[in-house]
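**Student:** Following this message is one structure expressed as structure tokens.
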Amino acid sequence: MIGDVLVSDDVIEQQFICNLDACKGACCWEGDMGAPLEVQECEILEEAYDKIKPFLLPEGIEVIEKEGKYTYTKKNGYATPLIEKGPCVYMIYDNDGVAKCGIEQAYREGVIDFKKPISCHLYPIRVLKNEHTDMEALNYDKWEICSAACELGALHQVAVYEFVKEAIIRKYGEEFYEELDAGVKHLKP
């Protein structure tokens, strides 16, 4: 427990380094829903869409302009829309055919100051929030398409929480990360 956030053992014990050479960014087109969004991220997408749009694929733009910049279901909450139950509408490809984020590309080019949805930045960590207690749990989302990332993480001995350090700091702050890291180091023999 760090404050009111429960961190699962897998987040500190499992190893992970994203291996885009192996998976080609499959997490951007696999799955049955888009990237989970926080409420304020929906507002950011509304405001920044015209600046993000030039970075997107035509098929993504088409879906966004028909269905909206985000979706909502009672079961899953807010998420990015999908193109024909496949790729995220914000997905683009780099010159090597690797899936990337059009939002992040706009950020990298200095057009917007929003990097990408925090759920994507934190991946493979998923945040579960208990609406009754307002507590959050950080869980490691083990997915077969990321097996090469697990192998690379094991090779370099990088824990999941270390791999997503920047994202954890973005969401919870530097002090939270330092407390988490100190707790992990204290537990190691």
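The values are calculated or read from the model by the stated rules, or taken from the named source; none is laboratory data. Just so you know, these numbers come straight off a predicted model, no measurement behind them. For neighbour counting, all protein chains shown are included, and Cβ atoms are generated from backbone atoms with ideal geometry for every residue, glycine included.
**Student:** Out of the residues in segment 1-18 that are in a loop (DSSP other than H, G, I, E, B) and either among the polar types (S, T, N, Q) or surrounded by 15 or more Cβ atoms within 10 Å (Cβ to Cβ) (or both), state the one that is nearest to the chain's Cα centre (by Cα).
**Tutor:** Here is the first cut: in segment 1-18, the ones in a loop (DSSP other than H, G, I, E, B) are 1, 3-4, 8, 14, 16-18.
Okay, now just the ones that are also either among the polar types (S, T, N, Q) or surrounded by 15 or more Cβ atoms within 10 Å (Cβ to Cβ) (or both), so 8, 14, 16-18.
Numbers: S8: 17, Q14: 17, F16: 14, I17: 14, C18: 12 Å.
Across segment 1-18, the extreme among qualifying residues is C18.
**Student:** Continuing with this model, one more query. Within segment 138-156, how many residues are touching a helix residue (DSSP H, G or I) at 6+ places or on another chain (Cβ under 7 Å) and hydroxyl-bearing (S, T, Y)?
**Tutor:** 1
**Student:** Kindly list, by first and then second residue, each pair from a residue in segment 46-75 that is assigned by TED's automatic domain parsing to the domain that holds C88 and under 15 Å from F114 (Cα atoms) to a residue that is at pLDDT 95 or above and of a type in the set (S, T, N, Q), limited to pairs with Cβ atoms under 6 Å and residues at least 6 apart or on different chains.
**Tutor:** F55/Q105
**Student:** If you don't mind, another one. Just the residues that are assigned to a helix (DSSP H, G or I) and either among the acidic types (D, E) or buried (at least 20 other Cβ atoms within 10 Å of the Cβ) (or both), please, taken from segment 19-39.
**Tutor:** D21, C27, C28
**Student:** Also, quick follow-up: Can you tell me which residue in segment 61-75 is nearest to the chain's Cα centre (by Cα), limited to those that are surrounded by fewer than 12 Cβ atoms within 10 Å (Cβ to Cβ) and in a loop (DSSP other than H, G, I, E, B)?
**Tutor:** K75
**Student:** Here's a check for you: in segment 14-45, which residue that is in contact (Cβ under 8 Å) with a residue 60 or more places away in the chain and polar (S, T, N, Q) is farthest from E104 (Cα to Cα)?
**Tutor:** This residue is Q14.
**Student:** Show the residue pairs that are 6+ apart or on different chains and have beta-carbon atoms under 7 Å apart, the first residue being within segment 93-116 and farther than 16 Å from K53 by Cβ, the second being surrounded by 13 or more Cβ atoms within 10 Å (Cβ to Cβ) and of a type in the set (D, E).
**Tutor:** From residues that are farther than 16 Å from K53 by Cβ, the pairs are K115/E104.
**Student:** Restricting attention to segment 131-184, which residues are closer than 22 Å to L20 by Cα, touching a strand residue (DSSP E or B) at 6+ places or on another chain (Cβ under 9 Å) and assigned to a loop (DSSP other than H, G, I, E, B)?
**Tutor:** Result: D141, Q157, V158, V164.
**Student:** Filter segment 1-39 for residues that are among the charged types (D, E, K, R) and over 29 Å from F176 (Cβ atoms) and give the result.
**Tutor:** Result: D21, K24, E30, D32.
**Student:** If you don't mind, another one. Taking K116, is it in contact with a strand residue (DSSP E or B) (Cβ under 6 Å, 6 or more places away or on another chain) and either in a loop (DSSP other than H, G, I, E, B) or assigned by TED's automatic domain parsing to the domain that holds T71 (or both)?
**Tutor:** Yes: the conditions hold for K116.
**Student:** Residues that are closer than 22 Å to I52 by Cα and within 13 Å of the chain's Cα centre (by Cα): does segment 126-135 have at least one?
**Tutor:** no
**Student:** Has segment 40-53 got any residue that is within 30 Å of D181 (Cα to Cα), surrounded by 16 or more Cβ atoms within 10 Å (Cβ to Cβ) and modelled with pLDDT of 95 or more?
**Tutor:** Yes; the residues of segment 40-53 include at least one that is within 30 Å of D181 (Cα to Cα), surrounded by 16 or more Cβ atoms within 10 Å (Cβ to Cβ) and modelled with pLDDT of 95 or more.
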